[in-house]
Amino acid sequence: MISNEIIEEIKKKANIVDIISSYIPLTKKGRNYFGLCPFHDDHSPSMSVSPEKNIYTCFVCGATGNAITFVMNYENVSYLEALKILANKLGITLNIKETYKKKDNYDHLYEIYDFSNKFYQNNLNTSSGHEAREYLKNRGIDEDIIKEFKIGLALSYDKSLTKLLIQKGYKEQDLVDIGLTNKNDYGYQDLFVNRIMFPLWNTEGKIIGYSGRIYNNEDTAKYINTKETIIFKKGLNLYNYHRAKNVVRSSGSVIIMEGFMDVIRAYSVGIKNVVATMGTALTPEQAQLVKKLSHNVILCFDGDKAGNKATFACGNELLNIGINPKVVRLESNLDPDEYIIKFGVKKFNEKLNNCISFLDFKLNYYKEGKNLNNNEDLTQYINEIITEIKGIDDEILRELTLKKISEEINISFETLMSKLFNEINRDMENLRNETLNNFPEMPDEEQNFYMPEFKPKKANKKIVVKPVVGNKYDKAEKTILYFLLTDKEMSYKLENSLPYLPTKICRFLAHEIMYFVKKYDTIAISDFLNYLDSKTELVNLVGEILNSKDKNIYSQEEIPDCIAVLKEYNLKNEMDRLNALLKSETDLEKKIELANRIMSLKMGVENNERNQNV
């Protein structure tokens, strides 16, 4: 553990501007510093860093925190690891005993793989490995790359590794469960035989599986890969992630490929900010791993039809989490490994430096297999394009794309724009109906608080969407939370008089603020965010409230009105509860009692509203 004294020393010495500027460029504007937010696809500096408050805030995605939380989120590490990184940057010595290191339940399985890898590497360096070494040499994989990627060799004897592991005391069933050994009628045998062995790592750099490749032209499967096991989940890992994450921080971008050989080839020619999906579709978990590396993503998959399909699926998965990738397409159906061998690294770097946008890729992708001179194919293409353009928020890009398509297919811009309007209106109407169905008892006058109203203009005008407006209860609780976050005296004033807040997360935040103020007699935002630690939803809510566009018009004179509004909410809520009881009650005396209580509450609501209007 790290003592509280050391933690306080780290927090005191950690100048947030210095820490964040070691990761991203910052520019001073007035009293604060600004930079591109690394936590979303930022093109215009939206992250503000305040040296006075010792916090950072993003006005777009709401990311908020102090130096410690920034390092945690940027480096994708735990609180303890972030403290270690900061201590190293600040020259503070941490005496952390290894006894405090958390024991992994699967350590013995990682040990098995570590031993197996040493065994395979040793095999490659023996006389039995001569043919395999020659094969790798002919493929342009030299000794340095063999050592870097810990490439080894499984011999033709099918019990060599299994026998050795059992002799060392490892359980046969563990060897079977993690995919190194098979059990058949003849006992336990090695799964990988007579293959060049490429280790697969998890995000922490531990070997969790293998891909074994033939090298002597035997008539068998080209690759055998480790099956899914308790430690090997292909969809939760990316090949080379543990190496690439350090390089990506300096290069600013990450390249996603399909196969591990593509990565090894790129790495061998100096392109090291690369990871691979291992030939599978990008999973949501893998997409999140990519997002933690960088928002500047390049997709470079195989140049064939399957590669196009994989690029399309991968790009859409990234779009779902706010990353708009760029795309490299390779001609002649080549994969990156083959392309670099055939054309060289210079030509490949030219490809990387001249990526196309994912939107342009998709416009071309939708054309595949279609004859645009055929009315049915053309109609399908237009429908697909309109669906795509509906998701574009940038009005200029939307208009430019429609004009480009209009010229290509010889259909008027106005016709395409009109179809786009109709599609958007239909979607908005469906959304409105769905929303109203979810709020069947909502009064008509409150429905507009939840549903945006779309008003189409003429084809050559901007599309105007009326923003969603929060209801008065939402405004009241956010106003009170704002003053609780900015004035510790407000916590003491409202300690015994704060009404029940309508939103669960707001209630939690109010409780945490009051507890923090009572314990520390301060509401320093940096320290409070540090106190919240991993409560991400609460941290995000703090950022949302502090970055609210309405914060400059907040006034403490509003507090009594806000309390009155929230009391009104509580009264109405209780009335709804009693009305529900009244409907189901059969006893006449109890029904009269409930009706009297409802009338009393109704008078309270009317008086409350009357006082608000005074």
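The values are calculated or read from the model by the stated rules, or taken from the named source; none is laboratory data. Note that this is a predicted model, so its numbers are computed, not measured. No Cβ is skipped: glycine too gets one built from the backbone with ideal geometry, and neighbour counts run over all protein chains shown.
Checked against the criteria, LYS245 counts as closer than 30 Å to ASN349 by Cβ, in contact (Cβ under 8 Å) with a residue 60 or more places away in the chain and not aliphatic (A, V, I, L, M).
From the list SER46, SER22, exactly one residue is without any contact (Cβ under 8 Å) to a residue 40 or more places away in the chain, out of contact with any helix residue (DSSP H, G or I) (no Cβ under 6 Å at 6 or more places or on another chain), surrounded by fewer than 20 Cβ atoms within 10 Å (Cβ to Cβ) and polar (S, T, N, Q). Which is it? Give the derivation first.
On the way: SER22 fails: without any contact (Cβ under 8 Å) to a residue 40 or more places away in the chain.
Just a single option satisfies the conditions, and that option is SER46.
Restricted to the range 380-397, and to residues there that are of a type outside the set (A, V, I, L, M) and outside any helix (DSSP H, G or I), the residue that is farthest from the chain's Cα centre (by Cα) is ASP394.
Selection of first residues in the range 282-302 that are farther than 17 Å from PHE312 by Cα and of second residues that are among the aliphatic types (A, V, I, L, M) and crowded, with 22+ Cβ neighbours inside 10 Å, restricted to Cβ pairs under 6 Å at least 6 apart or on distinct chains, gives the following pairs, ordered by first then second residue: LEU289/LEU238; LEU293/VAL248; LEU293/VAL254; SER294/VAL248; SER294/VAL254.
Please work out if ALA266 is touching a residue at least 24 places away in the same chain (Cβ under 8 Å) and in contact with a Pro (Cβ under 9 Å, 6 or more places away or on another chain). Spell out how you get there, then give the answer.
Working: touching a residue at least 24 places away in the same chain (Cβ under 8 Å): yes; in contact with a Pro (Cβ under 9 Å, 6 or more places away or on another chain): yes.
Yes.
Against the list (1) part of a helix (DSSP H, G or I); (2) charged (D, E, K, R); (3) within 28 Å of the chain's Cα centre (by Cα), the condition ASP377 fails is (3).
Of all helices (runs of 4 or more DSSP H) completely enclosed by the range 99-215, which ones contain at least 2 residues that are over 30 Å from TYR79 (Cβ atoms) and over 38 Å from the mean Cα position of the chain (by Cα)?
Working: elements: 107-124, 130-138, 143-148, 160-167, 172-177.
Passing ranges, in order: 107-124, 130-138, 160-167.
Scanning the range 62-97 for residues that are in contact with a Gly (Cβ under 8 Å, 6 or more places away or on another chain) and surrounded by fewer than 19 Cβ atoms within 10 Å (Cβ to Cβ) returns a single hit, ASN73. For beta carbons closer than 7 Å, sequence separation of 6+ or different chains, a first residue in the range 355-376 that is modelled with pLDDT of 90 or more and a second that is loosely packed, with under 13 Cβ neighbours inside 10 Å and outside any helix (DSSP H, G or I), there are no qualifying pairs. Within the range 218-261, being within 25 Å of the chain's Cα centre (by Cα) and of a type in the set (D, E, K, R) holds for GLU228, LYS233, LYS234, ARG243, LYS245, ARG249, GLU258. One residue stands out among those in the range 260-280 that are within 12 Å of ASN237 (Cα to Cα) and aliphatic (A, V, I, L, M): the one that is surrounded by the most Cβ atoms within 10 Å (Cβ to Cβ), which is VAL275.
Going through the range 514-545 one residue at a time, which ones are aliphatic (A, V, I, L, M) and either closer than 18 Å to GLY62 by Cβ or not in a helix (DSSP H, G or I) (or both)?
Here is the first cut: in the range 514-545, the ones aliphatic (A, V, I, L, M) are 514, 517, 523-525, 529, 532, 538-539, 541-542, 545.
Once the filter is applied, which keeps residues that are aliphatic (A, V, I, L, M) and either closer than 18 Å to GLY62 by Cβ or not in a helix (DSSP H, G or I) (or both), the range 514-545 yields ILE523, ALA524, ILE525, LEU529, LEU532, LEU538, VAL539, LEU541, VAL542, ILE545.
Going by the structure shown, is ALA580 assigned to a helix (DSSP H, G or I) and modelled with pLDDT of 80 or more? Against the criterion (assigned to a helix (DSSP H, G or I) and modelled with pLDDT of 80 or more), ALA580 qualifies.
Residue by residue, here is whether (1) surrounded by 13 or more Cβ atoms within 10 Å (Cβ to Cβ); (2) of a type outside the set (Gly, Ala, Ser); (3) out of contact with any helix residue (DSSP H, G or I) (no Cβ under 7 Å at 6 or more places or on another chain) holds:
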residue: ASN324; (1), (2), (3): yes, yes, no
residue: VAL328; (1), (2), (3): yes, yes, no
residue: PHE343; (1), (2), (3): yes, yes, yes
residue: LYS351; (1), (2), (3): yes, yes, yes
residue: SER357; (1), (2), (3): yes, no, yes
residue: LYS367; (1), (2), (3): yes, yes, no
residue: GLU384; (1), (2), (3): yes, yes, yes
residue: LEU397; (1), (2), (3): yes, yes, yes
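Across the range 37-57, which residue is nearest to the chain's Cα centre (by Cα) among those that are more than 15 Å from GLY322 (Cα to Cα) and among the hydrophobic types (A, V, I, L, M, F, W, C)? Filtering first and then ranking leaves MET47. Taken as a whole, the condition of being of a type outside the set (Ser, Thr, Tyr), assigned to a loop (DSSP other than H, G, I, E, B) and in contact with a helix residue (DSSP H, G or I) (Cβ under 6 Å, 6 or more places away or on another chain) applies to ILE231. Just one of the numbered conditions (1) without any contact (Cβ under 8 Å) to a residue 24 or more places away in the chain; (2) among the hydroxyl-bearing types (Ser, Thr, Tyr); (3) more than 18 Å from LYS370 (Cβ to Cβ) is not true of SER406: (3). Out of the range 259-292, which residues are basic (Lys, Arg) and at pLDDT 90 or above? Listed by number, the residues that qualify are ARG265, LYS272.
All conditions but one from (1) at pLDDT 90 or above; (2) more than 25 Å from TYR241 (Cβ to Cβ) apply to TYR113; the one that does not is (2).
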